[in-house]
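The block underneath contains the structure these notes are about, expressed in structure tokens.
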Amino acid sequence: MESIIFNPKEKKRTGPVIFSEYKRGDAIRKIITMSREDILFELKDSKLKGRGGAGFPTSTKWMLTAAAKSDHKFIVCNADEGEPGTFKDRVLLSEYPELVFDGMVIGGYTIGAQQGILYLRGEYEYLLKPLEDYLEDMRKDNLLGNNILGKEGFNFDISIVLGSGAYVCGEETALIESLEGHRGEPRNRPPYPINTGYLGRPTCVNNVETLSAITHIVMKGGSWFSKFGTDKSSGSKLFSVSGDCAKPGVYELPWGIKVSELLKIVEAKNTKAVQIGGASGYCIPKSQFERAIAYEDIPTGGSVMIFDESRDMLHVLKNFMEFFVDESCGQCTPCRIGNHKLLEGVEMIERGEYTFSYINKLKDLGRTMQVTSKCGLGQSSPNPFISILENFKDEIFNRSNGGRNGR
Amino acid sequence: MLIVEKNALSEEIESYVNKYGNDRSALLMILHEIQKKHRHISEFAQQEVARLLNIHPVEVYSVISFFAFLNDNPKGRNLVRVCQTISCDMKGKKQVVEAIERELGIKIGNTTKDNKFTVEYANCLGLCDMGPAMAINDRVYTNLTPEKAVELLAKVK
């Protein structure tokens, strides 16, 4: 029953990029012979995009932070993995911490930061002690600390800060706010964290998986990395697969894979719908299973939730909207009130007390939230409302009044 | 609260401030330590943190009220959090919760009379591939059945 065991020695996973061979410290040993520009060029060659979901080109972010003038810079690893259906960061941190931490050291060297912060979500508190022990080992091997591996002036250390159960803190400016000891409410942007971040200093916030990919890019080169995947989506992606399938878990697959191919790999049967990108993503019906998962078609942070024929999609939608009502920070009106209204709409459909004109108004409200909300939470929370009501309207609006069919 | 208790708490908070620093950016970790040890952050603790970090107590309270895992009212000795998000929901979260409710004689969101358990829902615990999942204090348990969940509670002191 207790399945979370921190044991980096016992590795069974295999994959083309992230889950390929790597030994702790190798990338750090390599970068101290390289110039910062060389690393940035490799990164540019790799065409790596941020793996948290937004897909911002990582090389651009690093170049801008490297170019920012300040005597103190920070690199933050965003391990506040709160998106429902996502658990790849848990696997990376518990089984491959060397990839993540070495990636942070590479970041420190490249952008000129002296301090790295791992923002670990409160739900993963059980990883805190093993990760801190791991950092202590790295210090003993001089992979962290002053003059790392004898390189004069290369000082870098990592600390871990534990989050406290707030989904919105996955948003980078909210994360920075909470690091500073404030409520985790997103900031207005600009200014961006790359020049005004943690404590007003240039700060580079990267996802756990992005940093892990960087460690491999440094070892094997940017052009090696971009050979995988598609034109605009280079490399591979970790998919967190859950729901109705025989083999849930984390899979490393190349970008551009079709939904139907993925379903075959995880042995899903009688699939009715796939929610891609977590609660804030899109729900794909059977007719669209030939679409590709890539930035060109369906972008995602890696969450794949599978629903078979027996599932009630209205119940799924209600679960998502309850989540957003719970997790909205309440700072901006479209998100605070909008999510409540959308949830009310779902409950009206559930009771059979709705009119189509009102539901259409709610869809309009959703589209308004997408453009007027302050941060990604409110901008994406109407996605499941709009996509599920659109793609499953036959099932949802043909249900018998007041009754809940299925589960 | 007795004066000796207050002094002990002050000393404890001072030790956290020494560990994490007296800057406001240390606030979250300090609050974590207090929450972990005392299962809540009392008004007195909030005032002490504020004094040592040189900020207003209401700033400390505003952070506590924001985060789901920090609270100013004491909860039961053991905190049980059942994941309510869709993947766990589909694997039978409802049956697990109902079994716990029957066994402890309380509805979810409440504390037992003997103050032993507080049971609540949590949003995605990141264990979607092994649902249903729940956390008892800082340990997590996965692939639950109603029976297993109740057995786990029985083992808690």
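The values are calculated or read from the model by the stated rules, or taken from the named source; none is laboratory data. Values in this document were obtained by computation on a predicted structure and should not be read as measured data. Every residue, glycine as well, gets a Cβ built from its backbone with ideal geometry; the counts of neighbours run over all protein chains shown.
Is it fair to say B:L127 is within 14 Å of chain A (Cβ to nearest Cβ), free of Cβ contacts under 8 Å to residues at least 24 places away in the same chain and in contact with a Phe, Trp or Tyr (Cβ under 9 Å, 6 or more places away or on another chain)? When the stated conditions are applied, B:L127 does not pass them.
So that you can scan it fast, the table gives a plain yes or no per residue for (1) more than 19 Å from the chain's Cα centre (by Cα); (2) β-branched (V, I, T); (3) under 30 Å from A:Q275 (Cβ atoms):
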| site | (1), (2), (3) |
| --- | --- |
| B:F66 | no, no, yes |
| B:Q84 | no, no, yes |
| B:S87 | yes, no, yes |
| B:M90 | yes, no, yes |
| B:Q95 | yes, no, yes |
| B:E103 | yes, no, no |
| B:I108 | no, yes, yes |
| B:L125 | no, no, yes |
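The number of residues in the stretch A:181-204 that are within 18 Å of the chain's Cα centre (by Cα) and within 23 Å of A:C332 (Cα to Cα) comes to 3. In the set (1) surrounded by 23 or more Cβ atoms within 10 Å (Cβ to Cβ); (2) in contact with a Phe, Trp or Tyr (Cβ under 6 Å, 6 or more places away or on another chain); (3) assigned by TED's automatic domain parsing to the domain that holds A:V241, the condition left unmet by A:L342 is number (3).
Within the stretch A:83-92, which residues are within 8 Å of the chain's Cα centre (by Cα) and not acidic (D, E)? Listed by number, the list holds a single entry, A:T86. Among the residues of the stretch A:154-184, which ones are acidic (D, E), farther than 16 Å from A:F101 by Cβ and touching a residue at least 12 places away in the same chain (Cβ under 8 Å)? Selection gives A:E171, A:E172, A:E180. Of everything listed in (1) in contact with a Leu (Cβ under 9 Å, 6 or more places away or on another chain); (2) within 20 Å of A:K151 (Cβ to Cβ); (3) at pLDDT below 95, the single unmet condition for A:V105 is (3).
Counting only helices (runs of 4 or more DSSP H) that sit wholly inside the stretch A:58-114, those with at least 2 residues that are free of Cβ contacts under 8 Å to residues at least 24 places away in the same chain and not assigned by TED's automatic domain parsing to the domain that holds A:Y282 are A:58-67.
In the stretch B:130-157, which residue that is facing chain A (nearest Cβ under 7 Å) and out of contact with any helix residue (DSSP H, G or I) (no Cβ under 8 Å at 6 or more places or on another chain) is surrounded by the most Cβ atoms within 10 Å (Cβ to Cβ)? Only one residue tops the list, namely B:M130. Considering every residue within the stretch B:15-30, establish whether at least one is under 23 Å from B:T111 (Cα atoms) and exposed (fewer than 14 other Cβ atoms within 10 Å of the Cβ). Checked the stretch B:15-30: no residue is under 23 Å from B:T111 (Cα atoms) and exposed (fewer than 14 other Cβ atoms within 10 Å of the Cβ). Within the stretch A:211-258, the set of residues being in contact (Cβ under 8 Å) with a residue 24 or more places away in the chain, farther than 17 Å from A:V91 by Cα and within 14 Å of another protein chain (Cβ to nearest Cβ) comprises A:G243, A:D244, A:C245.
The requirement of being part of a helix (DSSP H, G or I), at pLDDT 95 or above and out of contact with any Cys (no Cβ under 7 Å at 6 or more places or on another chain) is not satisfied by A:D157.
Residues considered: A:R29, A:R51, A:R24. Of these, the only one that is more than 29 Å from A:S303 (Cα to Cα) and among the basic types (K, R) is A:R29. Within this structure, A:G150 passes the test of being over 17 Å from the mean Cα position of the chain (by Cα) and either assigned by TED's automatic domain parsing to the domain that holds A:L43 or without any contact (Cβ under 8 Å) to a residue 12 or more places away in the chain (or both).
Restricting A:K30, A:K49 to residues that are over 30 Å from B:I136 (Cβ atoms), among the charged types (D, E, K, R), touching a residue at least 40 places away in the same chain (Cβ under 8 Å) and surrounded by 20 or more Cβ atoms within 10 Å (Cβ to Cβ) narrows the list to A:K49.
Every condition in (1) within 30 Å of A:G249 (Cα to Cα); (2) of a type outside the set (G, A, S); (3) buried (at least 24 other Cβ atoms within 10 Å of the Cβ); (4) within 14 Å of chain B (Cβ to nearest Cβ) holds for A:F74 except the one numbered (1).
Of all residues in the stretch A:314-340, those that are at the interface with chain B (Cβ under 9 Å from one of its Cβ atoms) have Cβ atoms under 7 Å from Cβ atoms of residues that are polar (S, T, N, Q) and crowded, with 24+ Cβ neighbours inside 10 Å, 6 or more apart or on another chain, in A:N319/B:T85; A:F323/B:T85.
Against the definition (without any contact (Cβ under 8 Å) to a residue 24 or more places away in the chain and either among the aromatic types (F, W, Y) or within 12 Å of chain B (Cβ to nearest Cβ) (or both)), how does A:K129 come out, yes or no? So A:K129 fits the description; yes. Going through (1) basic (K, R); (2) modelled with pLDDT of 95 or more; (3) more than 19 Å from the chain's Cα centre (by Cα) one by one, A:K11 falls short only on (2). The number of residues in the stretch B:17-45 being within 13 Å of chain A (Cβ to nearest Cβ) and either hydroxyl-bearing (S, T, Y) or assigned to a helix (DSSP H, G or I) (or both) comes to 16. Looking across the stretch A:102-126, the residues that are within 14 Å of chain B (Cβ to nearest Cβ) and of a type in the set (A, V, I, L, M) come down to A:I117, A:L118, A:L120.
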